[in-house]
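The values are calculated or read from the model by the stated rules, or taken from the named source; none is laboratory data. All values derive from a computational prediction rather than experimental measurement. So basically every Cβ, Gly included, is an ideal-geometry build from the backbone, and we count neighbours across all protein chains shown.
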Amino acid sequence: MSKILMSTNITTSLEPKAYHTETHGRTMNPGGYPQPQTRDESMMEKWGKKQQLKRNFGLLSIVALTTTLMITWEGLVNAFQAGLENGGPAGLIYGFLVTWVGVFSQAFVMAEMGAMIPLAGGQYNWVAILAPRKYSKFLSYMTGWTTAIAWQATSCATLYLAATMIQGLLIQNDPSYILQRWHGTLIGYAILMFSLFVNTYLATVLPKIESIVLILHIFGFFCVLIPLVYFGPHGDTSTVFRQFLNEGAWPSQGLSFFIGLTTSMIAFVGLDAAAHMAEEIEDAAVVIPKSMIASVAINGVFGFSIIIAVLFCLGDQDAALNTPTLYPIIEIFTSAVQSNAGGSAMMAVLILAMIFANVGLLATASRMLWAFAREKGLPGHEYLARVEPRTKLPLWSIGVTVVINVLLSLIEIPSSVAFNAFLSLAIAGFYSSFLISATVMLFYRVRTPPSEIPWGPFKMGRAGTPVTVFSIIYSSQGMFFSFWPPNAHVTAESMNWSSVVFVGIVACSLIFWVLHGRKVYKGPLVEVIVRQRVR
């Protein structure tokens, strides 16, 4: 290994001296390098990375973080209006099933890559290591930027949801309250400060907190479902399973259906969270695949169940869609139990889930930022890549993620379309980063003999190629339709500005690449060593 290291342009952080300083007291092999003691140590050493963060997460706690971060059933009941207008009740049901299958295919592909390369960078690490040498540097750089964008946008969108849901309850219970957008921004800031507190002062017990939140996620589901189904009005099967709507006035019902799929797609955003927490998970190569697949399965069951329940208990659809609270689900809950207090209690479960989801989002978004900065892929990487020695936390990346959320939340004050833009931007960012990594994996799988691929503990075998192809097709349409507005007759208010924002951010990243990034960004610092081993 030392000959490989000395014969390449690897930065000095991978020189033998660095290994010794990080592994004092460990058993040394004949070559003078420390002998790996666990699977995690072996994986970190294999990809040339130093263990800098503390491994606090196990299988249950990381499944809890990923599952509650995605908040599938909670997100669906809050954002189902867009799917109801484009697709209708039947479109929501069948669209959810299509999305669930598509997301499962994404989960299997990412689980395979995450087991093979369990590093916190996730997609950009996979691309850099598996892509053809000629393209790996640029492709991994762009993948890192789009993934970072997606996580920041998702965190801000969740803040918006939690804050405006609280405002919705104020409108429902206090007729004298006058909605002001800046109120929502300040409420969002309070939630953000709570997330910051948990991610810093309570960081050592974050895995336990996430496990408790998983209980809220599961039992809260039944606390909402049972009264809704028992007390609420029941619609007929024909309306729920056969009625398609095209309220967006699109040329065809099929086009309206695909535009409505974004409702279900956003409910599964955050699937790759376990990959970005990889360096804080014990036995990460085994746990990451299990976490990804389990979270999609759990959230899919709950999500499909709540969609069916809400559609059967919809009641007065016009009253729900035109509620002054701006959240149809508040009207649906209140109407079902015939009580403001009862409806508010049911909504409180959703709000708590959103607040704790932001805790997990802040953790994961900051780890993604830290990992990419570690490879010098971002401006200010000298600071963003720092880890505080005492707490083993990337405090700079956590702080910058908070600042980004503070600034993005200001956009919501003058414009009510900011939330939809954040949602679409999150889908576009996640799906584009997945598309690059899945395409690279497909190319690598096809051109490399199976015996020479450095598989991890999880692999799909012969099913790998067709599953990856299907996931690419699904993700392509998802990214394409994420940029569409909800209505064919576009105004400045209804326009989906995420396409403009996405292109603008990508353009900024390209400018940074040309002026500075291409000179300092080399991809993962062990890229050459990996190529020597797997090619």
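Observations, loosely collected:
- In the range 396-412, the residues that are at negative phi form Cβ pairs under 8 Å with partners that are crowded, with 21+ Cβ neighbours inside 10 Å and of a type in the set (D, E, K, R), at six or more places apart or across chains, as follows: S397/R367.
- Sub-9 Å Cβ pairs linking a first residue in the range 253-275 that is closer than 18 Å to Q243 by Cβ to a second residue that is hydroxyl-bearing (S, T, Y) and surrounded by fewer than 24 Cβ atoms within 10 Å (Cβ to Cβ), at least 6 apart or interchain, are F257/Y94; L261/T99; T263/T99; S264/T99, ordered by first then second residue.
- Of all residues making up the range 473-503, the number that are buried (at least 18 other Cβ atoms within 10 Å of the Cβ) and among the small types (G, A, S): 4
- Filter result for S252 (modelled with pLDDT of 90 or more and touching a strand residue (DSSP E or B) at 6+ places or on another chain (Cβ under 9 Å)): yes
- The residue list S155, S140 contains one member that is in a helix (DSSP H, G or I), more than 15 Å from the chain's Cα centre (by Cα) and among the hydroxyl-bearing types (S, T, Y), which is S140.
- If you check S499, S451, S416 for being at pLDDT below 90, part of a helix (DSSP H, G or I), more than 18 Å from the chain's Cα centre (by Cα) and farther than 28 Å from L378 by Cα, only one passes: S451.
- All of G429, G456, G377 fail the test of being within 24 Å of F104 (Cβ to Cβ) and either part of a helix (DSSP H, G or I) or under 21 Å from the mean Cα position of the chain (by Cα) (or both), apart from G429.
- Within the range 53-111, the set of residues being charged (D, E, K, R), farther than 15 Å from L261 by Cα and part of a helix (DSSP H, G or I) comprises just one member, E74.
- Each residue in the range 485-496 was checked for being of a type outside the set (A, V, I, L, M, F, W, C) and either part of a helix (DSSP H, G or I) or farther than 21 Å from Q253 by Cα (or both), and 2 of them qualify.
- Of all residues in the range 310-367 being crowded, with 23+ Cβ neighbours inside 10 Å and of a type in the set (F, W, Y), the one that is nearest to A148 (Cα to Cα): F356
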